[in-house]
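Taking it in order: structure first as structure tokens, then the write-up.
The values are calculated or read from the model by the stated rules, or taken from the named source; none is laboratory data. Quick caveat: nothing in here was measured; it's all calculated off a predicted structure. For neighbour counting, all protein chains shown are included, and Cβ atoms are generated from backbone atoms with ideal geometry for every residue, glycine included.
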Amino acid sequence: MTVDTDPRTLLQRYCEQDDQTAFNRFYRGQSGRLWGFLRSRGCHEEAAYDLVAEAFSRFIRVVCKDPASPVALLYRIAINLHIDSHRRDTAAPVTVDSRLLDSATAPESSEYHQLQKQLLRHYMNQLPRDEQNLLLMRYWIGLTHREIAEVVDMPEGTVRRQAAAAIHKIRTMWQADET
Amino acid sequence: MKHNIAAPDSAVIETLITPAFDETYVPDPARMQAIRDALAHAKSGSRSHKKPNTLPWWTVLLVTGGLAVAAGWLVNEFGITGKPEQAQVEQPADTLPLMPRTNRHLDRNGRPDRTRQQQDPVIYLREAD
């Protein structure tokens with residue numbers, strides 16, 4: 001017996017059959033990342049838990065009216081809540097471990113990969129907030145360009161172009177710091 | 001910040017985003033489960049109070065009673081009975097039965113009792129006699 005993890009299927013089962021197990025799977029699959037997403041957007045730890053609870057609470061009330069893109073809906077709610085309650089927050093600065101900078105030379109070493117990830121977060125942090133959100137939703141949360149377009153209320157083509165441009169900016173900044 | 005890590009190409013950057021953020025932000029599983037439990041509790045609580053698509057009995061009673069009262073008023077006010085209304089023909093004045101002259105104040109002999117007539121408030125009857 002296979003366990004379905006597709007968010008849309010899970011939410012359809014929840015809405016049509018009141019399947020609480022399906023909703024639990026959806027929650028387990030999304031809540032942790034949503035919390036991490038909010039933390040990466042500058043939300044304090046406790047505030048992030050509160051926002052997750054509030055976002056899911058609102059999500060439950062509306063999702064069954066249109067369960068076509070449940071993850072996009074969840075993030076739209078969460079981003080709006082975050083904007084409302086933490087307008088002045090900024091993303092926490094990313095620190096790069098200086099010891100790794102000195103030691104990570106072998107491209108296959110774990111230190112090298114660790115440093116790669118730290119640098120990536122550092123350069124992403126330099127991007128405008130909207131572009132950061134867009135990249136995180138696309139490549140971390142796994143939303144499609146169309147779903148992101150729903151979340152940010154922009155045409156799909158614009159989302160696609162902005163995502164490509166943001167990746168290009170990261171590369172440009174990265175190359176500029178290379179010795 | 002200078003470093004000696006070569007810039008990855010765009011595809012690698014895209015694949016690096018997930019591990020870079022997944023490893024950085026890890027929530028407390030117990031806190032997440034507590035939120036889930038609270039959601040389930042709130043939902044079941046709200047369900048026990050809400051009965052969608054059913055009207056409370058007193059609303060139905062109130063509406064039905066109101067309609068009945070309104071119908072009764074209409075029948076009384078406008079004579080709406082559902083039966084065809086019969087035309088009322090006014091009788092000509094000369095066919096009306098003559099009103100008998102007053103015989104309210106007669107004495108034992110059948111003559112007008114003047115005393116009682118004078119106490120009567122209807123003056124014209126008194127004068128007619």
Subject >> Tabulated pairs, the range B:1-29, first more than 13 Å from A:Trp140 (Cα to Cα) and facing chain A (nearest Cβ under 7 Å), second in a loop (DSSP other than H, G, I, E, B) and of a type in the set (S, T, N, Q), C-beta under 8 angstrom, 6+ apart or interchain >> reply: B:Lys2/A:Thr179; B:His3/A:Thr179; B:Asn4/A:Thr105; B:Asn4/A:Thr179
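I'd like to verify a number: residues in the range A:45-72 that are closer than 24 Å to A:His145 by Cβ and not hydrophobic (A, V, I, L, M, F, W, C), how many? First the steps, then the outcome.
Keep residues of the range A:45-72 that are closer than 24 Å to A:His145 by Cβ, which gives A:55, A:59, A:62-63, A:65-72.
Subset that is not hydrophobic (A, V, I, L, M, F, W, C): A:65-67, A:69-70.
Selection size over the range A:45-72: 5.
For residues that are in contact with a Phe, Trp or Tyr (Cβ under 8 Å, 6 or more places away or on another chain) and within 12 Å of chain B (Cβ to nearest Cβ), tally how many sit in the range A:124-168.
Keep residues of the range A:124-168 that are in contact with a Phe, Trp or Tyr (Cβ under 8 Å, 6 or more places away or on another chain), which gives A:136-137, A:140-141, A:143, A:151.
If we keep only those that are within 12 Å of chain B (Cβ to nearest Cβ) as well, we get A:136-137, A:140-141.
Going through the range A:124-168 one residue at a time, the tally reaches 4.
Can you work out which of the residues in the range A:37-50 that are surrounded by fewer than 23 Cβ atoms within 10 Å (Cβ to Cβ) and assigned to a helix (DSSP H, G or I) is farthest from the other protein chains (Cβ to nearest Cβ)? Even if it seems obvious, please write down each step before you answer.
Quick first cut of the range A:37-50, residues surrounded by fewer than 23 Cβ atoms within 10 Å (Cβ to Cβ) only: A:39, A:41-42, A:44-47, A:49-50.
Narrowing further to those that are assigned to a helix (DSSP H, G or I): A:39, A:45-47, A:49-50.
Values: A:Arg39: 5, A:Glu45: 9, A:Glu46: 9, A:Ala47: 13, A:Tyr49: 5, A:Asp50: 9 Å.
Restricting to residues being surrounded by fewer than 23 Cβ atoms within 10 Å (Cβ to Cβ) and assigned to a helix (DSSP H, G or I), the top hit is A:Ala47.
Quick check on my filter: what residues within the range A:51-75 are part of a loop (DSSP other than H, G, I, E, B), within 19 Å of A:Leu136 (Cα to Cα) and free of Cβ contacts under 8 Å to residues at least 40 places away in the same chain? Lay out the reasoning, then the answer.
Taking the range A:51-75 and keeping what is part of a loop (DSSP other than H, G, I, E, B), we get A:66-69.
This time we only want the ones that are within 19 Å of A:Leu136 (Cα to Cα), so: A:69.
Listed by number, the list is empty, since nothing qualifies.
How many residues does the range A:55-75 contain that are out of contact with any His (no Cβ under 9 Å at 6 or more places or on another chain), buried (at least 19 other Cβ atoms within 10 Å of the Cβ) and farther than 17 Å from A:Asp19 by Cα?
Going through the range A:55-75, the residues out of contact with any His (no Cβ under 9 Å at 6 or more places or on another chain) turn out to be A:56-75.
Within this subset, residues satisfying the condition of being buried (at least 19 other Cβ atoms within 10 Å of the Cβ) are A:56, A:59, A:63, A:67, A:69-75.
Remaining after also requiring farther than 17 Å from A:Asp19 by Cα: A:69, A:71-75.
Here the count works out to 6.
What about A:Asp84, is it modelled with pLDDT of 90 or more and out of contact with any helix residue (DSSP H, G or I) (no Cβ under 8 Å at 6 or more places or on another chain)?
Working: modelled with pLDDT of 90 or more: no; out of contact with any helix residue (DSSP H, G or I) (no Cβ under 8 Å at 6 or more places or on another chain): yes.
The answer is no for A:Asp84.
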Original post:
Can you name the residue in the range A:160-179 that is assigned to a helix (DSSP H, G or I) and in contact with a Lys or Arg (Cβ under 8 Å, 6 or more places away or on another chain) and is also farthest from A:Ala78 (Cα to Cα) among such residues?
Top reply: A:Asp177
Original post:
Given the conditions (1) in a loop (DSSP other than H, G, I, E, B); (2) under 15 Å from the mean Cα position of the chain (by Cα), which single one is not true for A:Leu135?
Top reply: (1)
